[in-house]
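Read-outs throughout are calculated quantities, based only on the coordinates presented, and are distinct from any laboratory measurement. Note that the structure is predicted; figures quoted are calculated from it, not measured. No Cβ is skipped: glycine too gets one built from the backbone with ideal geometry, and neighbour counts run over all protein chains shown.
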Amino acid sequence: MTYLRIGEVDLYSEVAGDGEPVLLLHGGFCSLEHFREQSDALVADYRVYAFERPGHGRTADVDREYGYAEKVATTLEYLDAVGLASAHIIGFSDGAIIGLLLARDYPERVRSLTAISANLDPSGFSMSEATAGAVVLGAPLWPAEPGPDVERMHYERLSPDGPEHAEAVLGKLFRLWTTEPSIDPAGLGKIELPVLVMSGDRDTIRPDHSLLIAASIPGAQLCIVPGTSHQLVAERPELVSVLIRDFLRQACGQG
């Protein structure tokens, strides 16, 4: 296993493949295992970088609250540590929010952005008060069978803090998700790099919110993945991987 010292934290890191650099940014209470199938699909043609933020996967937690500004700073430090001036960013959920902030504030570090299930503020969640009057899809005719809590299983297996620390991490994440981010959609208008906005048709992020993000970024593409929830990366991994690879081909000028 490889760890990089970033500030006072040893971040778990993986690097594989050859080609243009791609950086994977996982979601909240996720590990790199959540992106494993996408990573495996990319390493044949790209050099794939990925790391686990504090309190996630194999990286120990920190004794402070979480904030997106710090997550952005950590990502920039990671890029510096692995010698990358810029990379194609693929982010899911919290990772997608980090990607949007990087593309807005540090465009020279981002070659392209795939933002999966991002939100601009807490009103983007389907359970928020803003949902009143919004058009959303109902339950599917063939609901998926309930399965185990895979991310908690990964946490319990991987975390150096031990299984009992999961509640502390979740508590900090829920406080983060109910107070941040606060991204003005008008500010996204200055993003000039290739962007793909993706979410599930029954995501916890409302489809109109995903449309708002895409419509706020000049030239951005929007993809609503059918029959999926916020776990679209795990529910339709092959389709998501195909969509990402097709977008990256376009972003790299490969047609």
Computed log₁₀ I(q)/I(0) - Debye formula, equal Cα scatterers, no solvent, region 152-255, q 0.16, 0.17, 0.21 Å⁻¹
-0.93, -1.00, -1.15
Convert 37 °C to kelvin, take the viscosity as 0.692 mPa s, use the Kirkwood radius over C-alpha pairs of region 66-126 as Rh, and evaluate the Stokes-Einstein diffusion coefficient in µm²/s, rounded to a whole number.
280 µm²/s
Over the chain, what is the mean sequence separation of C-alpha contacts under 8 Å (at least six apart), divided by residue count, expressed as relative contact order in percent?
20 percent
Debye, to nearest 20: dipole size of the chain, +1 on Lys, Arg Cβ, -1 on Asp, Glu Cβ
500 debye
Treating only the Cα positions of region 10-75 as identical point scatterers, give the base-10 log of I(q)/I(0) from the Debye formula at each q in 0.14, 0.17, 0.20, 0.23 Å⁻¹.
-0.42, -0.60, -0.79, -0.97
Using a Förster distance of 41 angstrom, determine the FRET efficiency expected from the C-beta separation of L211 and R152, and round it to 0.05.
0.85
Ordering 108-115, 221-228 by per-residue average of other C-beta atoms within 10 angstrom, highest first, gives 108-115, 221-228
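Which value, in Å to one decimal place, does the Kirkwood hydrodynamic radius take for the chain when every pair of different Cα atoms is included?
When all Cα pairs of the chain are included, the Kirkwood radius is 18.4 Å.
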